[in-house]
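Student: I'd like to ask some things about the structure below.
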Amino acid sequence: MRPAWRCRVCGAPWPCQPARLGLLVEFRGDRTGLLFHLGGLLAEAHTQLGDVADLHGRFLGWARVRGGTMFHVNHEPGAEIHHTDPFAVPAGQRSPVRRLRGRLAAPVTLWTAPGPAGLTVSSTLVAEGEPDRLLGLVDPESDLWAAVEEAGRFAVTPLGPHHRQLADRFAGLFPSPGGLFALDAWTDTPYGPVPADAGGWAGCRLDTAREYGWGLLVEATIEAVDLPHDTPPLLHYRGRYHDLTD
C-alpha cells in the first residue's frame, strides 16, 4: 500500500500546493523577477521523499528571501470580479466603425456543419424570396468554414438566453474540455448537429462565399426550417449578451 506522504510543515498531502507550483516571485528594488523551479523541485521531491520536511523548509525559506512572496498567495479573503474588460482598448482609441457595429443589436446564432464543427455567429440575415436565402459573416480560418466548404451544407440555430455559455464556448471564449460538442444534448440533422433544447433551426445549402471586410460573406439557400416551439432570442449588443425585454 502506498504511504500517505504529508508535509511536516503545513500538514497537506505531499506534494503540497507550494511544492507543486514551484513558482516564486522575488522583489529586488523596482524590478520583479520570476523564478521558475517547478521541474527541479518535483524531480528532487521524487528522489528525496524521505526528506520531505527539509525540502519544503528550504522551499519556503527561498520564497521569503529579501521580502519575496509566493506568487499564488492571496492574503485577503474573497476575490475581485471586474465588471469591465481590463484588456479592452481605451474608448478614444477604438475604431469608429467597430463602435457603430457594437450599437447594432444582433441575434446570436450557432452555425454547425457535418464533421462536426460549429461557430457562434452574430451577423445572420434571412432574405425571403424564391428561393429563400440566408447570409452571414464568418471567420474564413474557422473549423466551421472548412467543414461547410467540404460538406456544402450547414445548420443555423437561433440561440436563447440559456445558451450564453454555449455561445461563448463556440466563440472560443469558454473552455471546452473534450471538444465543443462534448457538453449539452444534440440532435443530429443532415445539415449538422443542433442543440436539443433549441427553439428551432434551419438547414442551408451553400451557394457561394467571398471575402467581405475581414470576414467571409457566406450566401446559402434555405432548404429546411424546423420551429417546434417559440423561444426568446439571445442578443449581442456592445460586446455583451442581452435578453429581449419589452
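Student: Do you know which of the residues in region 208-246 that are touching a strand residue (DSSP E or B) at 6+ places or on another chain (Cβ under 9 Å) and of a type in the set (Gly, Ala, Ser) is least open to solvent (accessible area, probe 1.4 Å)?
Tutor: By that ranking, first place goes to 220.
Student: What is the residue count in region 108-131 for residues that are more than 19 Å from residue 147 (Cα to Cα) and either of a type in the set (A, V, I, L, M, F, W, C) or surrounded by 24 or more Cβ atoms within 10 Å (Cβ to Cβ) (or both)?
Tutor: Looking only at that region, the number is 4.
Student: To continue, here is another question. Does residue 199 satisfy the condition of being open to solvent by less than 30 Å² (accessible area, probe 1.4 Å) and farther than 15 Å from residue 234 by Cβ?
Tutor: For residue 199, the condition - open to solvent by less than 30 Å² (accessible area, probe 1.4 Å) and farther than 15 Å from residue 234 by Cβ - is not met.
Student: Let me ask something else about it. So residue 177 clears everything in (1) free of Cβ contacts under 8 Å to residues at least 12 places away in the same chain; (2) surrounded by 15 or more Cβ atoms within 10 Å (Cβ to Cβ) except one condition, right? Which one?
Tutor: That leaves (2) as the condition not met.
Student: While we're on this one: Do we find a residue being part of a loop (DSSP other than H, G, I, E, B), modelled with pLDDT of 95 or more and β-branched (Val, Ile, Thr) anywhere in region 106-118?
Tutor: The answer is yes; a qualifying residue exists.
Student: Something else now. Give me the residue from region 189-246 that is of a type in the set (Phe, Trp, Tyr) and at pLDDT 95 or above and, out of that set, farthest from residue 116 (Cα to Cα). Give the derivation first.
Tutor: Residues of region 189-246 of a type in the set (Phe, Trp, Tyr): 191, 201, 212, 214, 237, 241.
Keeping just the survivors that are at pLDDT 95 or above gives 191, 201.
On the way: 191: 10, 201: 16 Å.
Across region 189-246, the extreme among qualifying residues is 201.
Student: Still on this structure, please answer the following. Against the definition (surrounded by 11 or more Cβ atoms within 10 Å (Cβ to Cβ), in a loop (DSSP other than H, G, I, E, B) and at negative phi), how does residue 191 come out, yes or no? Working first, answer last.
Tutor: Working: surrounded by 11 or more Cβ atoms within 10 Å (Cβ to Cβ): yes; in a loop (DSSP other than H, G, I, E, B): yes; at negative phi: yes.
Judged against the criteria, residue 191 is a match.
Student: Another question, then. Among the residues of region 122-161, count how many are part of a helix (DSSP H, G or I) and over 22 Å from residue 189 (Cα atoms). Reasoning before the result, please.
Tutor: Going residue by residue through region 122-161, those that are part of a helix (DSSP H, G or I) are 143-151, 161.
Still in the running and over 22 Å from residue 189 (Cα atoms): 161.
The qualifying residues number 1.
Student: Is one or more of the residues making up region 213-223 free of Cβ contacts under 8 Å to residues at least 60 places away in the same chain and closer than 25 Å to residue 88 by Cβ?
Tutor: Within region 213-223, one or more residues are free of Cβ contacts under 8 Å to residues at least 60 places away in the same chain and closer than 25 Å to residue 88 by Cβ.
Student: May I ask you to verify whether residue 205 is among the basic types (Lys, Arg), open to solvent by 30 Å² or more (accessible area, probe 1.4 Å), part of a helix (DSSP H, G or I) and touching a Phe, Trp or Tyr at 6+ places or on another chain (Cβ under 9 Å)?
Tutor: Numbers: among the basic types (Lys, Arg): yes; open to solvent by 30 Å² or more (accessible area, probe 1.4 Å): yes; part of a helix (DSSP H, G or I): no; touching a Phe, Trp or Tyr at 6+ places or on another chain (Cβ under 9 Å): yes.
Against the criterion (among the basic types (Lys, Arg), open to solvent by 30 Å² or more (accessible area, probe 1.4 Å), part of a helix (DSSP H, G or I) and touching a Phe, Trp or Tyr at 6+ places or on another chain (Cβ under 9 Å)), residue 205 does not qualify.
Student: Do we have any residue at all in region 150-160 that's surrounded by fewer than 19 Cβ atoms within 10 Å (Cβ to Cβ) and aromatic (Phe, Trp, Tyr)? Write out each step before concluding.
Tutor: At the first step, the residues of region 150-160 found to be surrounded by fewer than 19 Cβ atoms within 10 Å (Cβ to Cβ) are 150-152.
Imposing the further condition that a residue be aromatic (Phe, Trp, Tyr) reduces the set to none.
Taking every residue of region 150-160 in turn, none turns out to be surrounded by fewer than 19 Cβ atoms within 10 Å (Cβ to Cβ) and aromatic (Phe, Trp, Tyr).
The values are calculated or read from the model by the stated rules, or taken from the named source; none is laboratory data. On a predicted model such as this, the values are computed, not experimentally measured, just so you know. For neighbour counting, all protein chains shown are included, and Cβ atoms are generated from backbone atoms with ideal geometry for every residue, glycine included. Side chains included, ligands, DNA and RNA excluded: accessible areas come from the protein's heavy atoms. Shrake-Rupley method; radii C 1.70, N 1.55, O 1.52, S 1.80 Å.
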